[in-house]
Amino acid sequence: MSSGGVTQMWEVLEQISGLDFDQKLGFAAAILVFVLVLEIYVVMRVLERYSDKHQAPWSESLFKPLRNRFYLLTVIVILNITRWWLNSDDMFQSINGETGPSVQSYFYAAYILVATSIVSVSIKHVLPSTLEAIDSEMTVVLSGGHHLAVLVSRLIAWIAGVNLALQEIHIEMFGMLASLAVFSIFLGLAVQQTMGNILNSFLLDIDHPFEVGDRIQVGEHRGIVVSMGVLSTKLLTLEEELVVIPNN
């Protein structure tokens, strides 16, 4: 770039910096609209074509939720830059005038939560297909174990992400969890049946006693296994009645 071009660019930047408050807000809104239009009609279309060409089993279902989260991330980034541009002195100062999280800390927390959401939704769509690809032909196809693996992975991602976000705004997550210990005990007692079903679906996936299509008898019920889920196994009896048996 020539020295004249650099000079002109510098003059434009000085003019933009000299705008009043309302003009800066309007300019920032215009930039936000421009960036979003560029992402929607250029960047995302290129990525969509690449996704269609890739033809992974999870690519189509994953594309839409990831796209929406990237739009949200773009809005947060533009708001962060705009806030810094309007008043840079306030960005790293406590919002209540005392020792505490600054405005920028809340933006950092928002970045962490959006990134955690991206990781979580990626696990939701990618991990089941990956686990199914790993299964051999002789393995029992049991969705309960896969659902449990996805649930645990997403839970770990969210615990880590929320913990980091809360640390940015000076809140100790584990201190909050300790104060909710009694509530957790009551909650555990309330959902122990559900957790038992989830755990036993995972054990069924490991033991492989039967698979979909097998004829089995459970107590007084005899029929063909038509579905094996995270909470229950469904049998279709000889009388063509659907029986739902909890995995517990």
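The values are calculated or read from the model by the stated rules, or taken from the named source; none is laboratory data. No experiment lies behind these values; they were computed from the predicted model shown. Quick reminder, even Gly has a Cβ in these numbers, built from the backbone with ideal geometry, and neighbours come from all protein chains shown. Only protein heavy atoms, including side chains, enter the accessible area calculation; ligands, DNA and RNA are left aside. Shrake-Rupley method; radii C 1.70, N 1.55, O 1.52, S 1.80 Å.
Among residues of the stretch 38-51 that are more than 12 Å from Phe63 (Cα to Cα), those with a Cβ under 7 angstrom from a residue that is of a type in the set (S, T, N, Q) and open to solvent by less than 80 Å² (accessible area, probe 1.4 Å), sequence gap 6+ or separate chain, pair up as Glu39/Thr74.
Mind listing just one residue for me: the one in the stretch 212-248 that is assigned to a loop (DSSP other than H, G, I, E, B) and surrounded by 15 or more Cβ atoms within 10 Å (Cβ to Cβ) and, of those, modelled with the lowest pLDDT? Give the derivation first.
So the first thing to find is which residues in the stretch 212-248 are assigned to a loop (DSSP other than H, G, I, E, B), and the list is 212-214, 219-220, 229-231, 238-241, 247-248.
Filter once more, keeping what is surrounded by 15 or more Cβ atoms within 10 Å (Cβ to Cβ): 212, 229-231, 247-248.
On the way: Val212: 81, Gly229: 75, Val230: 74, Leu231: 76, Asn247: 74, Asn248: 70.
Within the stretch 212-248, the match that is modelled with the lowest pLDDT is Asn248.
Of everything in the stretch 82-127 that is open to solvent by less than 40 Å² (accessible area, probe 1.4 Å) and modelled with pLDDT under 75, the residue that is nearest to Lys24 (Cα to Cα) is Met91.
Of the set (1) in contact with a Pro (Cβ under 9 Å, 6 or more places away or on another chain); (2) under 18 Å from Leu148 (Cα atoms); (3) of a type outside the set (Ser, Thr, Tyr), all apply to Ile216 but (2).
Residues that are modelled with pLDDT of 70 or more, aliphatic (A, V, I, L, M) and either open to solvent by 40 Å² or more (accessible area, probe 1.4 Å) or closer than 30 Å to Leu86 by Cβ (or both) occur at least once in the stretch 132-152.
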